[in-house]
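Report on the following structure.
The values are calculated or read from the model by the stated rules, or taken from the named source; none is laboratory data. All values reported here derive from a predicted model rather than from experimental measurement. In this analysis, Cβ positions are derived from the backbone assuming ideal geometry, glycine residues included, and neighbour counts consider all displayed protein chains.
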Amino acid sequence: MNGFIVELGIIGVSTVLLLVITLWKRKSPSKLREIPALTRLYRAIGLSVEDGTRLHISLGHGGLLDARAGSALAGLAILRGIAEKTSVSDRPAVATAGNASLGLLTQDTLQAGYQAAGVEELYTPTMGRVTGLSPFGYAAGAMHITQNENVSANIMIGHFGPEVGLLAEASDRENVIVIGASDDLAGQSVLFASSQDALIGEELFAAGAYIGTGASHAASLTVQDILRWLIILALLAGSFFKLAGVNF
Amino acid sequence: MRVFTVVIAIAVGLLILLGYFLPLLAGVQILLLNWALILAGAAALVGVFNILFVHADKIRRREKGSAYSAFLIIFLVATLLFGLILGPEHISMQLVMDAIILPVEAALMGILTITLLYAAVRLLRRRADVMSILFLITAVLVILGSATLPFGDVPLIGTTVRPWVTQVLALGGARGILIGVALGTLTTGLRVLFGIDRPYGGN
């Protein structure tokens, strides 16, 4: 019962903080620290529109009905922003997913981005693709896009395991910029070794704020920082009480 | 219509969340999750058709690599038809899995091993900083401590250094990263739950 109360408390506090800070950030946008991979991402979006190349956004194979949904939803939020910014490009962005439900949302998100940019007629459903339903099947299908569709940057944001190494290697061979983030530890370490700048840990969830998808994304970062400090304090207090021999 | 979808999404999300805390709503939560599972199953079929349409479009436009697309469509349709007629338990369908899909995935895993080794070798050329050096040293120590070597175990590495690196340093770091990911997942989930982010379409 105590666990339930703590969980409910965390959700309640986070919700209130998120709503209040979102309203505050709308009035006074905050300055974000520089993350090299996200600076590169921002540049890649602009460059792709200017030089008529394509962005490939890989959303991984995270499902929406399990714990990996968070990274999939974060990827979709970034896709929404990118779709809006690159909708008028000669070669519009292509998004791939390794999960059927995520694939459907990919198409819906791309369409929403085009709608917001006022060019819905330019949207075609084949811009959002399911390339395979197993991790390696997905990677094999997505590698093909990097090699054959004049892609200038491969943005991999979502749930990826070690198979992301194949995607990164295929991009590297074509001199395509690789920006990667995964919620999986194995995926993160592979991305660290095989991309120019990898996003580690919660930086995956920061990308939305950096490409300007709304005040709520910046507010999310502040809420995460507050909660992180609370966790640090709780860990330190726990260690202190344990040392002092106090048991709860 | 857009407002309607948002209201449904928020209401369903809240009911499922509250189902974890209020036993009264547990039945509703299970029912809604079962519906979601059925929809996910239907989405898998839509996903297969998406693959079909994308590759058919490539062939129609005579894009680079369209021969591979033709192969994919032929084998996808053939496997789907035989699967529907014979059933997934039939020996021929199991042969497709055991003799084609599993070996191909195993081959990709083999390629991945070499790819990762190559990426590690090139890491210092791509990014020569302290973190890269630490990353490589850690990887080498863990491999030396875990692998079966022809000349026997390296003293101290397998018994002291590797366990300390994996169970103290790596575990501590992994927990920190996972706490960060969990917090990111929480705030992303809340944004979707309250309709601030709408991945189900609309502005």
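For the structure I just gave you, tell me whether residue A:91 is under 19 Å from residue A:204 (Cα atoms) and in contact (Cβ under 8 Å) with a residue 24 or more places away in the chain. In short, no.
Just wondering, is there one or more residues in region A:51-72 that are loosely packed, with under 13 Cβ neighbours inside 10 Å and part of a helix (DSSP H, G or I)? Checking region A:51-72: at least one residue is loosely packed, with under 13 Cβ neighbours inside 10 Å and part of a helix (DSSP H, G or I). The condition of being touching a residue at least 24 places away in the same chain (Cβ under 8 Å) and out of contact with any helix residue (DSSP H, G or I) (no Cβ under 9 Å at 6 or more places or on another chain) does not hold for residue A:33.
Taken over region A:205-248, the residue count meeting the criterion of being in contact with a Phe, Trp or Tyr (Cβ under 9 Å, 6 or more places away or on another chain) and of a type in the set (Val, Ile, Thr) is 3.
A quick yes/no check of all residues on (1) loosely packed, with under 12 Cβ neighbours inside 10 Å; (2) assigned to a helix (DSSP H, G or I); (3) polar (S, T, N, Q); (4) away from chain A (no Cβ under 12 Å):
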position: B:44; (1), (2), (3), (4): no, yes, no, no
position: B:75; (1), (2), (3), (4): no, yes, no, yes
position: B:79; (1), (2), (3), (4): no, yes, yes, yes
position: B:82; (1), (2), (3), (4): no, yes, no, yes
position: B:96; (1), (2), (3), (4): no, yes, no, yes
position: B:99; (1), (2), (3), (4): yes, yes, no, yes
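Please determine whether any residue of region A:80-96 is assigned to a loop (DSSP other than H, G, I, E, B) and at the interface with chain B (Cβ under 10 Å from one of its Cβ atoms). There is no residue in region A:80-96 that is assigned to a loop (DSSP other than H, G, I, E, B) and at the interface with chain B (Cβ under 10 Å from one of its Cβ atoms). Only residues that are among the charged types (D, E, K, R) and out of contact with any Asp or Glu (no Cβ under 8 Å at 6 or more places or on another chain) were counted in region A:66-79, giving 1. Within region A:194-204, being closer than 19 Å to residue B:121 by Cα and either touching a Phe, Trp or Tyr at 6+ places or on another chain (Cβ under 7 Å) or crowded, with 24+ Cβ neighbours inside 10 Å (or both) holds for A:194, A:195, A:198.
Of the numbered criteria (1) modelled with pLDDT of 90 or more; (2) within 30 Å of residue B:41 (Cβ to Cβ), the one residue A:188 fails is (2). For beta carbons closer than 7 Å, sequence separation of 6+ or different chains, a first residue in region A:109-134 that is more than 9 Å from chain B (Cβ to nearest Cβ) and of a type outside the set (A, V, I, L, M) and a second that is surrounded by fewer than 17 Cβ atoms within 10 Å (Cβ to Cβ) and in a helix (DSSP H, G or I), the qualifying pairs are A:114/A:120; A:114/A:122. None of A:168, A:237, A:198, A:181 is more than 8 Å from chain B (Cβ to nearest Cβ), at pLDDT 90 or above and closer than 27 Å to residue A:45 by Cα except A:181.
For region A:143-248, the helices (runs of 4 or more DSSP H) that sit wholly inside it and include 2 or more residues that are among the hydroxyl-bearing types (Ser, Thr, Tyr) are A:185-194, A:215-243.
Condition check ((1) in the same structural domain as residue B:76 (by TED's automatic domain parsing); (2) part of a helix (DSSP H, G or I); (3) surrounded by 17 or more Cβ atoms within 10 Å (Cβ to Cβ); (4) not polar (S, T, N, Q)) across all residues:
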{"residue": "B:104", "(1), (2), (3), (4)": "no, yes, no, yes"}
{"residue": "B:107", "(1), (2), (3), (4)": "no, yes, no, yes"}
{"residue": "B:111", "(1), (2), (3), (4)": "no, yes, no, yes"}
{"residue": "B:115", "(1), (2), (3), (4)": "no, yes, yes, no"}
{"residue": "B:121", "(1), (2), (3), (4)": "no, yes, no, yes"}
{"residue": "B:145", "(1), (2), (3), (4)": "no, yes, yes, yes"}
{"residue": "B:148", "(1), (2), (3), (4)": "no, no, no, no"}
{"residue": "B:154", "(1), (2), (3), (4)": "no, no, no, yes"}
{"residue": "B:168", "(1), (2), (3), (4)": "no, yes, no, yes"}
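Scanning region B:170-195 for residues that are assigned to a helix (DSSP H, G or I), more than 7 Å from chain A (Cβ to nearest Cβ) and in contact (Cβ under 8 Å) with a residue 60 or more places away in the chain returns a single hit, B:193. Taken as a whole, the condition of being more than 7 Å from every other protein chain (Cβ to nearest Cβ), modelled with pLDDT of 90 or more and either out of contact with any strand residue (DSSP E or B) (no Cβ under 6 Å at 6 or more places or on another chain) or part of a helix (DSSP H, G or I) (or both) does not apply to residue B:198. Looking for something touching a helix residue (DSSP H, G or I) at 6+ places or on another chain (Cβ under 7 Å) and either more than 9 Å from chain B (Cβ to nearest Cβ) or outside any helix (DSSP H, G or I) (or both) - is there at least one such residue anywhere in region A:5-14? Checked against the condition, which is being touching a helix residue (DSSP H, G or I) at 6+ places or on another chain (Cβ under 7 Å) and either more than 9 Å from chain B (Cβ to nearest Cβ) or outside any helix (DSSP H, G or I) (or both), region A:5-14 yields no hits at all.
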